[in-house]
Each structure stands twice: as structure tokens, then as C-alpha cells.
1. For the range 228-271, restrict the atom set to alpha-carbon positions and state the Rg and Dmax in Å.
2. Dipole of the chain (Lys/Arg Cβ +1, Asp/Glu Cβ -1, origin at the Cα centre): which of Y227, N22, F323 lies farthest to the positive side?
3. Rounded to a whole number, what is D in µm²/s for the range 92-215 from Stokes-Einstein with the Kirkwood radius over alpha-carbon pairs (10 °C, 1.306 mPa s)?
4. Would you be so kind as to identify which of L447, M168, A386 lies farthest towards the positive end of the dipole of the chain, taking Lys and Arg as +1 and Asp and Glu as -1 on Cβ and the Cα centre as origin?
5. For the range 116-158, which whole-number percentage of the solvent-accessible area (1.4 Å probe, protein heavy atoms only) is attributable to carbon and sulfur atoms?
6. Principal axes first, then extents: for the Cα atoms of the range 173-217, list largest minus smallest coordinate on each axis, whole Å, largest first.
7. Give me the net charge for the shell around R378: Cβ to Cβ below 14 angstrom, other residues only, Lys and Arg +1, Asp and Glu -1.
8. Using only the alpha carbons of the range 27-142, what is the convex hull's orientation-averaged projected area in square nanometres?
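The values are calculated or read from the model by the stated rules, or taken from the named source; none is laboratory data. Keep in mind that this is a model prediction, so the values were computed, not measured. Cβ sites come from the backbone with ideal geometry, for glycine too, and all protein chains shown count toward neighbours. Heavy atoms of the whole protein, side chains included, go into the accessibility calculation; ligands, DNA and RNA do not. Shrake-Rupley method; radii C 1.70, N 1.55, O 1.52, S 1.80 Å.
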Amino acid sequence: MAPLHKGTEDTESAPFRRLALNPFFGQADPVGGMTQAPPRHRMPDGPLPPSSAYQLVHDELMLDGNSRLNLATFVTTWMEPQAGVLMSECRDKNMIDKDEYPRTAELERRCVAMLADLWHAPDPNAAVGCSTTGSSEACMLAGMALKRRWAMKNADRYPSTARPNLVMGINVQVCWEKFCTFWEVEPRLVPMEGDRYHLDAASAAELCDENTIGVVAVLGSTFDGSYEPVAEICAALDDLQARTGLDIPVHVDGASGGMVAPFLDEDLVWDFQLPRVSSINTSGHKYGLVYPGVGWALWRGAEELPEELVFRVNYLGGDMPTFALNFSRPGAQVVAQYYTFLRLGREGYRAVQQTSRDVARGLAERIDAMGDFRLLTRGDQLPVFAFTTAPEVTSYDVFDVSRRLREQGWLVPAYTFPAHREDLSVLRVVCRNGFSADLASLFVEDLDRLLPELRRQPHPFTHDKAAATAFHH
Ligand SMILES: *Cc1c(COP(=O)(O)O)cnc(C)c1O
């Protein structure tokens, strides 16, 4: 075989021959090469054979943790092989090219319609929404819509004098701090108080004023898996409106709960059934059961999403509205979301989420029964629970437990709560599809085996608490 890129003897056609080849098709000499490891922080001068490059990357990644034993993440770590096949079939499709990939665009629209129906939009056909890379982007978009609506209503005062604010619990996910920083909105955070670890209705209403663009209610909190009382918050804001005339919209951050509550807590009223709820987001890649990254943002109706935020791209000769921070984005996750909706249906989702909740509750009970721990939540809202050491435990702390569990391969984060419960440090377990009852039993056995040693410690051993608490929700 002629060496790559040397062309043929025919000098006339040589430049054309070169250009006809994809440089990736070349095989570097496997005997002559690899006398030296390639540099890691500078692009190597020359190419490697694909098999060598693959092996180098593959081997380094072996040191990543096992994602299935990661009890810290909410993000999907297992999908069916068929979903994987579909995703690899679509990994070359760009979500923004609606005109080139009209079927992918159509599947996105169907997903939005299904979510609008699931979340009881008064008129599912009138609800508007879009896919995103995750809840963070969805929250940015929802926050922008809130800010823009407020700005339009207050054009006489903004931007000259008024400064917009957003009211939420201090337990919100970090994306809301990002939103406030990026879009110059004052965050008004309700602190934790005693055994209340999330936003309550009275405090939310109290912090609102004429510059409040909205209230964020979280379903459920990343700190402990609890649902915030969305209906009570809405009622408190109804009352506020009756008293003061202030009409403050609510955004529900349903990153996790948006795909749990509709199946397991059908009597809970938290979604578009509440007229004050103007928008909702969820992470398709959390309890939506799709690999990362896909999220969803929906608005009750077109009035909730100011028209000037919406851009238009070509679509089948006409144009299609898009609302996104990104331009290019993979289509595979959206296709996988549609696949999962179709594959599971409501009953399937119910079965999957119920299993996760059962595992979470069972595990919480067994940890409670050990006696060394005190549960903050029991896994009966999100399939997530937080626990701390019992008051009489002084020889070790939650950071020791997290570190020792890691030796067994389990990733269980320990972190300190925010104001006013900085005194409280907890461990949190997130039960997802794929974390089976069998795995949960192995986890309990490992924890049980560690306890005698932990109890024999003279004192807690984690010195660098700052590093230990640098966990991001
Ligand atoms: C995970 C999470 C987010 C951020 O979502 P991503 O999909 O990771 O971007 C926002 N809010 C809550 C409540 C979350 O749990």
C-alpha cells in the first residue's frame, strides 16, 4: 500500500490525490512510533495510530469512579442498549439544524407537548417550551423570561432606578446563583431555620416587593430531597396580591421532582394547575432517565415568554422559534428522551420511579436502624435522603463516613448546610434507576462493616473540612 499523503508517482495528480483522502485514514507506523509517551498538555507534533490513541485515552479513564456506585449524582448512569444505539445513530445531528433534521425537530416538539400535558398546562397546545442542555440552561431561560416580563412592566423605573430581585430558598441549586450573577438580579435567599431546610410560604411572600421578578420553588431540594410547598407558596403570593396588588409569578425548578411527582404523587398540586406557576423546568437527564445532557423548560402560555427573547431559524421553508443559550447542540439526547417517553409511558415511569423510591425508603430505614445516625429525610419525596450522625456519636463525623465509604468505591457526599444551619453536616444518598435493592444491600453491609472501626476512633479525623465541604449540588 502506498504511504499516505505521498501521492502516486504521477506528479500531475498528486495534489488531488492528497486532497481526496481523509487524514484520519492514515496508519502511523506502529513499530517505529511510541518510543516516547506523547505530551499531555501540548498538542503532539505528529499523529498516532487510532488503536494507540484509543488505548491511551481508555486506560486513563479507567481511574474515573464507577458511575453506578456514584450515590452523589442525580444524573442518569444507565440506559437500555437500544437507547444507546439510537443515540449513536443521532450523534451527528445538530439540534439547531431544524431544516436538515426535521424529524428530530418534530420529536423535540412532541416531548414538549407530552410534558405540557403531564404538567397540566391549561391548554397543552398553547404551552410553549424547548429542550436545553440541562436544568441549568432551562433555569437561565426561565429566569430571563421572568426578568424581561418584569422589566417591560417597570419600564418607567428600570434600568434607571429599580434593581430586580429573585426570591428563593438558600437551598436552591447553584444555577440560580449563576443566573443572578450573569443577569444582574439580586438574589433574595430565605435562610434555613431549625428543622426547616427549604423555602416556606410566609418567608417567601415577606421578601417580595415591587422589584421581585419571581419566586423560585424547588421540587425537590438537592440538599435533602424534600419538596418545597409550591401550592402554599402560591397561596401566600395570592394573599400578597390581594393585600398589595403585587402579582409575582412562580417558577418551579422541577429538575428532579418534575419527573417524579407526576407519577408517584398524583394528588400533589404543584404544576400548571396552580395559575401562579408560569414556568417549569426539569432535567431530562435526571429522573427523565436519559444520559446527560438534556433539560426542558416550559411556559404556561406564549404570554409568559416575551416574544423578543425568541429567535427564529429556518424550518421546512418556514421558520421555527427557538429559545436557547447555545446554538449547536447534539440531537441524540432529545431523541433518547422521546424514546424513553415512548418506551415507558406513564406506567413505565411510575414503575421505575416507585422502585427508586422503595429502594431509598428501605435504605433510609436500615440506616436509621443502625442507631448511629439521624435521618433528616426518608426518601419519600425525591428518592433521596440526607442523614447525619446521632448527637451521642463523637468519635467520627459525616466526613469520616464519606471518606471511608469511598475506600469501598461508594461516592456519598458529605457537606455542611448553609445559613442558618451551618452547624449541621450531612451525608446524602441519591437513589436512581439502576441502583437496585441488591446494590443498596451491599451498601448497607459496607457501611455496617465500617462502623466498629469508626466508633473506635479517638475523634473525627477529617482535618480539611473546607475541602470536604466543597461539594456542589
Ligand atoms: C440538578 C439541578 C439543577 C441543575 O440541573 P442540570 O441539569 O445539572 O443543569 C437545577 N436545579 C435543581 C433543583 C437541580 O436538582
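1. 12.4, 37
2. It is N22, whose Cα lies furthest towards the positive end.
3. Details: Rh = 16.8 Å.
Stokes-Einstein gives a translational diffusion coefficient of 94 µm²/s.
4. It is L447.
5. Values: 830 of 1670 Å².
Within the range 116-158, the accessible surface is 50 percent carbon and sulfur.
6. Result, largest extent first: 32, 25, 13 Å.
7. Details: positive: R357, R361, R366, R374, R428; negative: D195, D224, D358, E365, D368, D380.
Value of the local net charge: -1.
8. Details: hull surface 49.7 nm².
Result: a mean projected hull area of 12.4 nm².
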